[in-house]
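Participant: After the structure tokens below, expect a handful of questions from me.
The values are calculated or read from the model by the stated rules, or taken from the named source; none is laboratory data. Note that this is a predicted model, so its numbers are computed, not measured. Cβ sites come from the backbone with ideal geometry, for glycine too, and all protein chains shown count toward neighbours.
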Amino acid sequence: MTKSTKRKFSFEFKLAAVRRFQAGESQVALAQELQLSSPDLIKKWARIYRNEGEDGLRPKSPGRPISPPKAPTQPESELQRLRRENERLRAEVAFLGKVNALRDEEQR
């Protein structure tokens, strides 16, 4: 059985369906009675309920979660900037040395 529109189910509806399923009712019979598009929805809700509890069945806000505001960072001192640049340059020299060594091996 297929539905043409995507339905949204309330927390109470999902919780009641999961509890009936856990009480021993067949997921196929429940899906038909509740007019769900697929019996797998009940199985999915039951798994979420098992893993996350009732809060897992509650509707979630759409989109990316809001990140906490970052603490204001102090400007980097010149010494710290130079050390970071020095480390980057050392890594670059080591990388180029390995590239040259590989190139020399290929030419042999």
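Participant: Could you check the range 8-70 for helices (runs of 4 or more DSSP H) lying wholly inside it with 1 or more residues that are at pLDDT 90 or above and loosely packed, with under 10 Cβ neighbours inside 10 Å?
Facilitator: 11-22, 40-52
Participant: Now for a separate question. Could you give me the residue pairs with C-beta distances under 9 Å whose first residue belongs to the range 12-34 and is closer than 17 Å to ARG47 by Cβ, whose second residue is hydroxyl-bearing (Ser, Thr, Tyr) and modelled with pLDDT of 90 or more wherever it lies, and which are 6+ apart or on separate chains?
Facilitator: Note: pairs meeting the criteria are LYS14/TYR49; LEU15/TYR49; VAL18/TYR49; ARG19/TYR49; GLN22/TYR49.
Participant: Ok, one more. Could you count how many residues in the range 43-78 are among the small types (Gly, Ala, Ser) and in contact (Cβ under 8 Å) with a residue 24 or more places away in the chain?
Facilitator: Counting residues in the range 43-78 that are among the small types (Gly, Ala, Ser) and in contact (Cβ under 8 Å) with a residue 24 or more places away in the chain gives 1.
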